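Comments concern the structure below.
The values are calculated or read from the model by the stated rules, or taken from the named source; none is laboratory data. Just so it is clear, the model here is predicted, and its values are computed rather than measured. Here Cβ is always computed from backbone atoms with ideal geometry, including for glycine, and neighbour counts include all displayed protein chains.
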Amino acid sequence: MIESTVEIRVIRRAGYALVTMTGTLDSWTYREVRDSVIKAALGQQDAVVVDVSALAVPAITAWAAFTSARWHVSVWPDIPVIMVSEDAVERARIRRSGVTRFVPLVANEAEAVAIIGAGGFRRRARRVLNTSPDSVDAARQFVRECLTAWSRQDVAPTASAVVTVLVENVLSHTRSHPTVTVEAVQDRVTVAVSDDDPRAAVRHESADNSAHTVSGLAVVAALTRAWGSIPTAGGKTVWALMGPENRL
């Protein structure tokens, strides 16, 4: 049996990534298709537009790859994933799969851009730090500066505590340069720290010492609405989402 293939091309537009797919989406290429959408969503863009006009999908259930991709990024970075198909018959078939309950489907890129423009205004800033202990102070200052500039000082104390834990973890457990990303959209603020180590961030707690030793990620969990660890092409990103209820 000959394995199916898919060709995926990503173009960075102003504010969004355009992902064009050519080939076949089936059990052979399902993961590649899904992961390419997730990777594009983690690429510092405000939205992902996926053109599937040239994608053959023999089994209608395979369209679930896009639902799965959207689910993986639904909390963070929580950006829209929009599908484009120029063929009206194929759009009707995609809708029958149920994927459009989670991923909008339009006829062309211009319609996708209109959807993106109707969303909330997203602010984002990113800084790569060095591997010295001074990076912890630099990360806190960077977060405070961003949130002050965006009039979100209300969550600055919480965000500073969170970035302290995340950067300290990178410095303690990897040899990476921590990369700090701060985002604000509507009433939500996200702090994320990326590194070059593929091992997922997990809470380490000891039954013997739990009363005396608190995991840094346990502190993050207590201070935020949600947090997670997402694998990336070069390592991982650990993120934490804060809302008005997380003010200290």
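Among the residues of region 210-239, what is the count of those that are of a type in the set (S, T, N, Q), modelled with pLDDT of 90 or more and surrounded by fewer than 19 Cβ atoms within 10 Å (Cβ to Cβ)?
1
In the list Thr148, Thr100, Thr158, which residue meets the criterion of being out of contact with any Pro (no Cβ under 9 Å at 6 or more places or on another chain), assigned by TED's automatic domain parsing to the domain that holds Leu223, surrounded by 14 or more Cβ atoms within 10 Å (Cβ to Cβ) and of a type in the set (Ser, Thr, Tyr)?
Thr158
Count, please, the residues in region 10-66 that happen to be within 30 Å of Arg126 (Cβ to Cβ) and part of a strand (DSSP E or B).
Qualifying residue count, region 10-66: 13.
Looking at region 37-64, which of its residues are under 25 Å from Trp239 (Cα atoms) and either among the acidic types (Asp, Glu) or crowded, with 22+ Cβ neighbours inside 10 Å (or both)?
Val37, Ala40, Ala41, Leu42, Gln45, Asp46, Ala47, Val48, Val49, Val50
Count, please, the residues in region 92-116 that happen to be of a type outside the set (A, V, I, L, M, F, W, C) and under 19 Å from Ala47 (Cβ atoms).
6
For region 129-143, does any single residue satisfy the condition of being β-branched (Val, Ile, Thr) and under 20 Å from Thr20 (Cα atoms)?
no
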